[in-house]
1. When the residues of the stretch A:38-73 are narrowed to those that are small (G, A, S) and more than 16 Å from the chain's Cα centre (by Cα), which ends up nearest to A:V172 (Cα to Cα)?
2. What is the number of the single condition among (1) part of a loop (DSSP other than H, G, I, E, B); (2) in contact (Cβ under 8 Å) with a residue 24 or more places away in the chain that A:V174 does not meet?
3. Of the residues B:D151, B:D142, B:D130, only one is among the acidic types (D, E), open to solvent by less than 80 Å² (accessible area, probe 1.4 Å), closer than 25 Å to B:A36 by Cβ and assigned to a strand (DSSP E or B); which?
4. Taking the stretch A:105-145, which residues are in contact (Cβ under 8 Å) with a residue 40 or more places away in the chain and either of a type in the set (S, T, Y) or under 30 Å from B:V196 (Cβ atoms) (or both)?
5. Output the residues belonging to the stretch A:78-117 that are open to solvent by 70 Å² or more (accessible area, probe 1.4 Å) and over 30 Å from A:R234 (Cβ atoms).
6. Considering only residues that are open to solvent by less than 10 Å² (accessible area, probe 1.4 Å) and in a strand (DSSP E or B), which ones fall in the stretch A:198-226?
7. What number of residues in the stretch B:191-227 are more than 7 Å from every other protein chain (Cβ to nearest Cβ), in contact with a strand residue (DSSP E or B) (Cβ under 8 Å, 6 or more places away or on another chain) and touching a residue at least 12 places away in the same chain (Cβ under 8 Å)?
8. Any idea which residue in the stretch B:231-241 is farthest from the chain's Cα centre (by Cα), counting only those that are assigned to a strand (DSSP E or B) and surrounded by fewer than 20 Cβ atoms within 10 Å (Cβ to Cβ)?
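The values are calculated or read from the model by the stated rules, or taken from the named source; none is laboratory data. Because the structure is predicted, anything quoted here is derived from the model rather than measured. So basically every Cβ, Gly included, is an ideal-geometry build from the backbone, and we count neighbours across all protein chains shown. The protein model used for the area step is the full one, side chains on, heavy atoms only, and it has no ligands, DNA or RNA in it. Shrake-Rupley method; radii C 1.70, N 1.55, O 1.52, S 1.80 Å.
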2 protein chains.
Amino acid sequence: MKETNIYETDELVSQYCDFQYGDDYFGVMNFALACAQRAIDYTKSTQQKRALDLGCATGRASFELARAFEHVTGIDYSENFVRVGKELQTARRVGYWQNGEGELKNHKEISADNYDFKDYLTKVEFFQGDACALAPVFKEYDLIMATNLIDRLYQPQLFLQSIHERITHGGVLVLTSPYTWKEEYTAKEFWIGGYVDENGNEVSTLDGLKKILEENFELIAIEDLPFVIRETARKFQHTISQMSVWKKR
Amino acid sequence: MKETNIYETDELVSQYCDFQYGDDYFGVMNFALACAQRAIDYTKSTQQKRALDLGCATGRASFELARAFEHVTGIDYSENFVRVGKELQTARRVGYWQNGEGELKNHKEISADNYDFKDYLTKVEFFQGDACALAPVFKEYDLIMATNLIDRLYQPQLFLQSIHERITHGGVLVLTSPYTWKEEYTAKEFWIGGYVDENGNEVSTLDGLKKILEENFELIAIEDLPFVIRETARKFQHTISQMSVWKKR
């Protein structure tokens, strides 16, 4: 069986391979797995036919959702990310490089056979795509999950204002984000929150989300979900994402 | 008593005010306090007259060392950092802004009177200075502590090769670093470790430190010390620094 090593040059892809398939750090549960488990819980009383994992990165949560859903679509803006999920489906193995100290690196391998999702690989279909301009074919989902996506979109309103059209009646939208708004990703005029409005009032992102989403959804749960991204042998990002769960009216 | 608010525009100074004087996160002890306590422990059997805190940032560890040492010198390359320590000595209060979500910020205040070091403020003298080119006057220290400094120096050899000249016989050098070598701070030819040498062998930073320091010092302890730096309300750097303790022969 061939092993793919096409990602050695792309540091961010390697970082996400480790984030989604590697070890846990500081006792914090794998974030893709945790998100998928929560999303499966929140759709227990709903039909669990079709799920969309938007901003799927290297595909771990898509595979985990496939343990409960009949079909899962994984979409990411980066073709390099999506390729990892596809390679796991075909070659079942992906190699990547984990940063050590300075320029030192450790070679690591993801083997699909080591994961509980190994029997569900073919239930997932991966696509490169833009969450702000999704093709019409992506519709009729019982679950749409977008983890750590909204503060990296150039115009998150485009995604949030129309996403209900792609969800079945009673279906669920799961968002997670640490609300790390940055002008390099999102022009300030398009931030959902994290600013002072023209009346001098502070607008939180949760307030902004409610304003957009409550027309078509009911907010059914809010929780904090931590994640850790390993940068080097000794340096990690440790972040508390906020998960908000929205049920389509 | 006047309150200083001169740091509102300098994001890094505010981040370090929070790091050195603010709350603990994820149950990780304040790093400046932890380093000072360890350094005081490691000099228990030595004279505790003069201590140098090199790369002192906003001065917390300098003040903590003053609880055991008769005199402490705090030196940092950044005048903006050093000014916080000086202001705590004169005005006893410093204001800063803590990042919230997006552009939202919380105003915070450091009041020297809330800390156990409050009676020792005047035992510390702060200076702007370059660790790679220290003035001759900085000498005869029983302890030199350099926390998270060596991987931010443009030529750490200049510091490491001559630092023994400034330490008393039997005195102690305490280094901490996560060894996050980056070419933007240190040209690769000057990295102490974290590279593959001309024979194809991996050189760790600890190996590199031993090679330089063991001529004049005995390595007496190694330990891992974690620290957390708050970037936003939800995003943190969580890092495991390596502390190495060297006793001058």
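1. A:S45
2. Here A:V174 meets the rest and fails (1).
3. Details: B:D151 fails: assigned to a strand (DSSP E or B); B:D130 fails: assigned to a strand (DSSP E or B).
Exactly one of B:D151, B:D142, B:D130 is among the acidic types (D, E), open to solvent by less than 80 Å² (accessible area, probe 1.4 Å), closer than 25 Å to B:A36 by Cβ and assigned to a strand (DSSP E or B), namely B:D142.
4. Listed by number, the residues that qualify are A:K108, A:E109, A:I110, A:Y115, A:Y120, A:Y141.
5. A:E79, A:K86, A:T90, A:D113, A:D116
6. Correct list: A:F217 only.
7. Within the stretch B:191-227, residues that are more than 7 Å from every other protein chain (Cβ to nearest Cβ), in contact with a strand residue (DSSP E or B) (Cβ under 8 Å, 6 or more places away or on another chain) and touching a residue at least 12 places away in the same chain (Cβ under 8 Å) number 15.
8. B:K235
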